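For reference, the structure is listed below as structure tokens.
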């Protein structure tokens, strides 16, 4: 202990990865979000990754019942929730056991010693300890460990509080939170404010949690006195001035939809069916009835998309949200919207598949499904937000495109964006987001034909039911160009197939060009899409800091691609495409641009680690070097990739 | 009660021709759908609803071609999904008069779930289920209402599944308006469609519809011209359940047991006949379960009660939330739990 304490004395770190882990009944997500709040108020940048079991009440103490919350925070631009924890708070043996494989020698482990008994080792299935083959202390000796008898300490601290013993013990999560707040010098006030509000109806519980939090914080001072352990100072991040909040992808979608309601001159109808990890969007919108939001829970995924389509036919903007299995069910309905050329937004929070897969885990495996997972030639717009906050911008953009081009838009978010959060500079809704004016057909009814097209966008007119003289029929059967009568004419079908495809291609005119980050003379382009932005950018920044010729571009538009994508790709000797799938964007890029791109693929249900990507970049640079394809000479020295440098 | 409840009544005079889209129907000659189309056009022209307020939504199947033949707004959807599409239309614009045209395959097999839930929610849509007990457009497979033993292309040895009763399905979801009628009975269809239009809430109408090609004469036993007066019973709210050419037969329901009786025999008088009550759920269920040949086949309005509709409750909830919590302020919402970073 003494050595550890010395090591961390007056330590100053630019960024820290902290992980809280415990039983799903331990209130880990609660203390994680409160630590995040305190971190935000303190003034660090951060990124967060909550992880919890799909089971609502998994058996206590088991490894599959472990809930955890990881946050990386610091005084610089934080792009990911971090790879390996610098500090792990393990509330029980199961939480420690499943994290042991991902620690480093200088990780500080805080354990609640009171829970490390034989019963809990058994529940965690830690047979080597039960049988005596291994000793906990031997395992822990590799790390810096702070053992705290949290159960006893909270019971002592709450001796004057009038609640049951069991209830007192339950406040140990706030004790742990208090201790970690002390270690990193976080303010307690925002957490105390939260406790005050949350438990306003139960003064004894409120008092208990306040006392536990403070007891944990004060225990830090004991550490300091007894072990000369001082708090770790984290410099503040220089945020651009402005108003901030922290936001998850699902919150951003919901807030985006409310903003759309404000900006559109037509109603918004959100129809959805509960599914992890998209249900939160339905929850938020259902609670915001006073905003005039129409949020409907339908009988199934199929009904949800069809109700949204019906709403769009009636002159509203239909939106639905789902995850992989639901996207499969919505395939048929989506095709109807493609055929009837009606605006529709489908949010897909991708999760691990196939089938039910791992519902709470993230993946990027629906890209080709969003592109091609419908029968017939069925083009539509596909967007992919790059961060939780970007989900807000993306849904606004989706609405503009859906309406302008009269088309469905699929937004490929994922579990990581849906549940992860980051600080978000709140946009000025009034000034920075312009109105979206829908213009229904209002010409002479005599000239109205449902499948005439705008010269520029190729969009068909939107005629609102209830308008006199515009009575017309549309549907899933192929229609004649211009007139919209049921048509089996071969030439007409060929024309309509091509027209629908060309319409989506033209949306390229409204899509921003792809921005490239990195030195002008870079030789390797790392091309990602959607939620992997942070981890790729962090790895590329590292590469650039080493002087390596690497650049990064992140696609937010999958269909159509930005118009300069082909030019960008042509500038590099090699394109490396990291994806949380087996190479779906890779297939598109190779197919559409005949570029010799290579993939880096991982499908573990978790986001990329920065270290994985660093290695992938290094490996590809070495390959290029070996192939003699790097013009700017890079010397690879003996001992492997990590030692090479630009000469 | 509020703006979306406004009456559609206007003074416009329409003729059935006004509802003809000019598209030539592509049903087989002699198909029962022609008669229903005729009845719907007549009924629509008499409802006092402006033509542009009608939206007809359908699924897939012979009956689902219906919207193309009506000069109203129309949406030919996908197989089974019409009730879901129609729910979206009605919620987005409650001022529209929304009609669903579906069949026994579309509405009861692939779309059973949507039909059931639309009825359960009491969305103010009118659902016309053309029941011909067969799949027509796919050329003759058995449907959920096909009878046991029915020989079709997919049941050459006879159907082994028990048929579904659409009216019972609707009643099981506490439908607020349920009716049953026969395709050839234009006059009664017009009346029922007009009543359905007046009803606030889901109106479910099962129409026995003859498929001349794949299931001809399926309803002839009780709906045939010669026999119908003896084998059908028209339900009339508040009236005794009397039927027969000479109005000399009736149904008495006693101790949950229905019984066909002859007036004038065994001392039974007209006063002994049970009075039909379209609001009595138990009686509705019991009578809906009567079928030919054990009983006369009941037609007419089986159930009608006024209950709040889905969209009324939805919009009321929005208004109440606004009153209670104040009109939503997006700026305040988006800035919840925010902090300020001031220029250093």
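The values are calculated or read from the model by the stated rules, or taken from the named source; none is laboratory data. Bear in mind that the values here come from a model prediction, so they are computed numbers and not experimental data. Using ideal geometry, Cβ is built from the backbone for each residue, glycine included, and neighbour counts are taken over all protein chains shown.
Some observations on this one:
- Candidates B:55, B:89, B:100, filtered to the one that is assigned to a helix (DSSP H, G or I), in contact with a strand residue (DSSP E or B) (Cβ under 6 Å, 6 or more places away or on another chain) and farther than 17 Å from residue B:32 by Cβ: B:89
- Consider the range A:227-243 and keep the residues that are crowded, with 20+ Cβ neighbours inside 10 Å and closer than 30 Å to residue A:531 by Cβ. The one that is farthest from the other protein chains (Cβ to nearest Cβ) is A:234.
- Scanning the range B:19-27 for residues that are under 30 Å from residue B:314 (Cα atoms) and in contact (Cβ under 8 Å) with a residue 40 or more places away in the chain turns up nothing.
- Evaluating residue B:50 against the criteria (1) surrounded by fewer than 24 Cβ atoms within 10 Å (Cβ to Cβ); (2) more than 10 Å from chain A (Cβ to nearest Cβ) leaves one unmet condition, (2).
- Of the numbered criteria (1) in contact (Cβ under 8 Å) with a residue 24 or more places away in the chain; (2) within 14 Å of chain B (Cβ to nearest Cβ); (3) over 28 Å from residue A:555 (Cα atoms); (4) assigned to a loop (DSSP other than H, G, I, E, B), the one residue A:427 fails is (3).
- Test: residue in the range A:421-436 that is within 19 Å of residue A:344 (Cβ to Cβ) and not assigned by TED's automatic domain parsing to the domain that holds residue A:408: yes
- In a residue-by-residue description of the range A:248-257, the property of being outside any helix (DSSP H, G or I) and out of contact with any helix residue (DSSP H, G or I) (no Cβ under 7 Å at 6 or more places or on another chain) applies to no position.
- Test: residue in the range B:115-136 that is without any contact (Cβ under 8 Å) to a residue 12 or more places away in the chain, closer than 30 Å to residue A:340 by Cα and out of contact with any helix residue (DSSP H, G or I) (no Cβ under 6 Å at 6 or more places or on another chain): no
- Residues (more than 9 Å from every other protein chain (Cβ to nearest Cβ) and closer than 15 Å to residue A:464 by Cα) located in the range A:261-280: A:265, A:268
- Condition met for residue A:341 (farther than 20 Å from residue B:117 by Cα, touching a helix residue (DSSP H, G or I) at 6+ places or on another chain (Cβ under 9 Å), at pLDDT 95 or above and within 13 Å of chain B (Cβ to nearest Cβ)): yes
- Entirely in the range A:307-401, the strands (runs of 3 or more DSSP E) that have 2 or more residues that are surrounded by 24 or more Cβ atoms within 10 Å (Cβ to Cβ): A:317-322, A:344-352, A:381-383
- Residue match in the range A:96-103 (condition: under 25 Å from residue A:277 (Cβ atoms) and crowded, with 19+ Cβ neighbours inside 10 Å): yes
- Looking across the range A:85-121, just one residue is without any contact (Cβ under 8 Å) to a residue 12 or more places away in the chain and either under 20 Å from residue A:183 (Cα atoms) or over 28 Å from the mean Cα position of the chain (by Cα) (or both), and that is A:117.
- Annotation note: of A:194, A:174, A:239, the sole residue that is under 28 Å from the mean Cα position of the chain (by Cα) and at pLDDT 95 or above is A:174.
- Just one residue in the set B:61, B:107 is assigned to a helix (DSSP H, G or I), more than 12 Å from chain A (Cβ to nearest Cβ), touching a strand residue (DSSP E or B) at 6+ places or on another chain (Cβ under 8 Å) and touching a residue at least 12 places away in the same chain (Cβ under 8 Å); that residue is B:107.
- Within the range B:320-335, being out of contact with any helix residue (DSSP H, G or I) (no Cβ under 9 Å at 6 or more places or on another chain) and either over 16 Å from residue A:428 (Cα atoms) or facing chain A (nearest Cβ under 7 Å) (or both) holds for one residue alone: B:335.
- Residue under evaluation residue A:224, criteria (1) part of a helix (DSSP H, G or I); (2) more than 14 Å from chain B (Cβ to nearest Cβ); (3) in contact (Cβ under 8 Å) with a residue 40 or more places away in the chain, criterion not met: (3)
- Here the helices (runs of 4 or more DSSP H) wholly within the range B:128-233 that include at least 2 residues being buried (at least 21 other Cβ atoms within 10 Å of the Cβ) are B:166-172, B:186-198.
- When A:303, A:295 are checked against the criterion of being within 9 Å of another protein chain (Cβ to nearest Cβ) and either within 26 Å of residue A:341 (Cβ to Cβ) or out of contact with any strand residue (DSSP E or B) (no Cβ under 7 Å at 6 or more places or on another chain) (or both), a single residue qualifies: A:303.
- Against the test of being in the same structural domain as residue A:126 (by TED's automatic domain parsing), over 17 Å from the mean Cα position of the chain (by Cα) and either within 18 Å of residue A:244 (Cβ to Cβ) or modelled with pLDDT under 90 (or both), the options A:47, A:40 yield a single qualifying residue, A:40.
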